[in-house]
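Heads up, the thing below is written out as structure tokens.
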Amino acid sequence: MLLGVNIDHIAVLREARKINDPDPLEAVFIAKRAGADQITVHLREDRRHIQDEDVKRIIQSSSLAVNLECSVDPDIVEIVADLKPHRATFVPEKREEVTTEGGLDMNEPNFSNLDKAVHYLKAREIETSLFIDPTKEAIRGAKTIGVEWVEFHTGTYANIYAMLFSGLSKTHHCIKELDIDRSKLKKLLKKSLLELESACEYADEFGLNIAAGHGLNYQNVEAIAKIEKIKELNIGQSIIARSIYTGLENSIKEMATLIKKNR
């Protein structure tokens, strides 16, 4: 299983003070040394963290494959086409959200926009992926559009896990809709994991390469790493958060070891 390290949160720290430090590019070389297989960055429409110049420098300098997450906004798609990352992963965006809250809307008119953007990039020999919820409808849509990859949103699983096994419910970040009996949370967690496993089997039948990500950390990644059909995990916030205490190279190595151990 491949490990893609999302380095957006390094840019979040930089933008918090509006200076040029820390530089996300430095993380690319550390990630390579630590055994990462891919660098993932998200060029958001509002440029809240990663900037155009970051992406350009990272793609030019990285010896690892670069997975560029992006919206279907025409201006963004043109930037992706010009920079030519190894892969472009289309994700949903809302200006008011803290982070990506779910998979892409595969209904019209978004479906047509995705179809157009995917074919535009594929014509320029850029590998394409869709960040989707683990549902059969979304998988069929991805196959129809013709992407090479799908990345399943694991946020639902991660949120349930956090409410069940961490102290999240006792904090101001408590997820109110999941503030329920532990017995119910356990059933929801099992259901979420089964949905992911089933979606992976279904996507594999269509010949799609399968990635997963969102909310994965050192506590909850074990069960996801055991899903045989998943070829790649993209993990960011938890690795960057751990690096504050252990250093970035160590935090990446720990995650890579944990994933390998559970394959």
| message | Return the residues of segment 203-212 that are buried (at least 18 other Cβ atoms within 10 Å of the Cβ) and assigned to a helix (DSSP H, G or I); say none if nothing qualifies. | response | Ala203
| query | What strands (runs of 3 or more DSSP E) completely inside segment 24-92 contain at least 2 residues that are crowded, with 23+ Cβ neighbours inside 10 Å and in contact with a Phe, Trp or Tyr (Cβ under 6 Å, 6 or more places away or on another chain)? | reply | none
| task | Quick one: which residue in Leu13, Leu3 is in a helix (DSSP H, G or I), at pLDDT 95 or above and of a type outside the set (Gly, Ala, Ser)? | result | Leu13
| Which residues, taken from segment 98-129, are more than 24 Å from Gly213 (Cβ to Cβ) and small (Gly, Ala, Ser)? | Ser112, Ala123
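Picking from Ile240, Ile227, which residue would you name as being of a type in the set (Val, Ile, Thr) and either surrounded by fewer than 20 Cβ atoms within 10 Å (Cβ to Cβ) or not in a helix (DSSP H, G or I) (or both)? Full working, then the answer.
Details: Ile240 fails: either surrounded by fewer than 20 Cβ atoms within 10 Å (Cβ to Cβ) or not in a helix (DSSP H, G or I) (or both).
Criteria check complete, one pass: Ile227.
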| field | Selection count where residues are β-branched (Val, Ile, Thr) and buried (at least 21 other Cβ atoms within 10 Å of the Cβ), scope segment 10-23 | value | 1
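Taking the options Arg48, Arg57, name whichever one is within 18 Å of the chain's Cα centre (by Cα) and either at positive phi or of a type in the set (D, E, K, R) (or both). Can you show your working first?
Details: Arg57 fails: within 18 Å of the chain's Cα centre (by Cα).
Going through Arg48, Arg57 in turn, just one is within 18 Å of the chain's Cα centre (by Cα) and either at positive phi or of a type in the set (D, E, K, R) (or both): Arg48.
If a residue must be in a strand (DSSP E or B) and surrounded by 18 or more Cβ atoms within 10 Å (Cβ to Cβ), how many such residues does segment 126-179 contain?
Narrowing segment 126-179 to residues in a strand (DSSP E or B): 127-132, 149-153.
When the remaining residues are screened for being surrounded by 18 or more Cβ atoms within 10 Å (Cβ to Cβ), the result is 128-132, 149-153.
Final tally of qualifying residues: 10.
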| note | Of the candidates Glu127, Glu177, the one satisfying the condition of being in contact with a Lys or Arg (Cβ under 8 Å, 6 or more places away or on another chain) and more than 19 Å from Asp73 (Cβ to Cβ) is Glu127
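The values are calculated or read from the model by the stated rules, or taken from the named source; none is laboratory data. Keep in mind it's a predicted model, so treat the numbers as computed, not measured. Here Cβ is always computed from backbone atoms with ideal geometry, including for glycine, and neighbour counts include all displayed protein chains.
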